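Comments concern the structure below.
Readers should treat all values here as calculations from the given coordinates under stated rules, not as data from a laboratory. It should be emphasised that the depicted structure is a prediction, and the values quoted were computed from it without experimental measurement. Note that each Cβ is placed from the backbone with ideal geometry, even for glycine, and that neighbours are counted across all protein chains shown.
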Amino acid sequence: MTKYLKYISLVIALIGAFFFIKILGGDESIVGSFIGFTKWILIITIIIVLIFSIINLIKNPKAMKKALFAIIVLVIVYFISMALATGNEFDIKTAAGIEHVTSSVSKNVEIGIWASVILGAVAFFGFIFDSIKNLIK
């Protein structure tokens, strides 16, 4: 299996290098093909990762419990972030002129920011707690 994966990786790398060299050479007509190639490689990689992750979770029930717990925590953080986000409409000045930002776009951005703040705070306080625990030992 490893032998075949090496050859598949080599072929993908050679195709990527071909596209890269053509783009650096100034051939802009190949950019669309390169983006399509990259998109398909990404899709195939995601499918393979999902398949092997599911297989490993099925084989290891303890890991499945931890994964389900992590997913539940992330869903809770998402809903808390959604409750905290306001989603106000506003206009923003850009290089192209003034653009209008809708409330749904604004709310999605705020959800991401609040989720980052919450997860960052959990990580920070976890670090502090762990440091204090190690000092006590």
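Being in a helix (DSSP H, G or I) and either loosely packed, with under 12 Cβ neighbours inside 10 Å or more than 23 Å from the chain's Cα centre (by Cα) (or both) is the requirement here; does S104 meet it? The answer is yes for S104. Listed by first and then second residue, the pairs with beta-carbon distance under 7 Å, at least 6 apart or on different chains, first residue in the range 2-13 and surrounded by 10 or more Cβ atoms within 10 Å (Cβ to Cβ), second in a helix (DSSP H, G or I) and among the aliphatic types (A, V, I, L, M), are I12/I41.
Scan the range 67-75 and give yes if some residue there is over 25 Å from S9 (Cα atoms) and surrounded by fewer than 10 Cβ atoms within 10 Å (Cβ to Cβ), otherwise no. Within the range 67-75, not a single residue is over 25 Å from S9 (Cα atoms) and surrounded by fewer than 10 Cβ atoms within 10 Å (Cβ to Cβ). Screening I43 with (1) surrounded by 10 or more Cβ atoms within 10 Å (Cβ to Cβ); (2) touching a residue at least 12 places away in the same chain (Cβ under 8 Å) gives one miss only, at (2).
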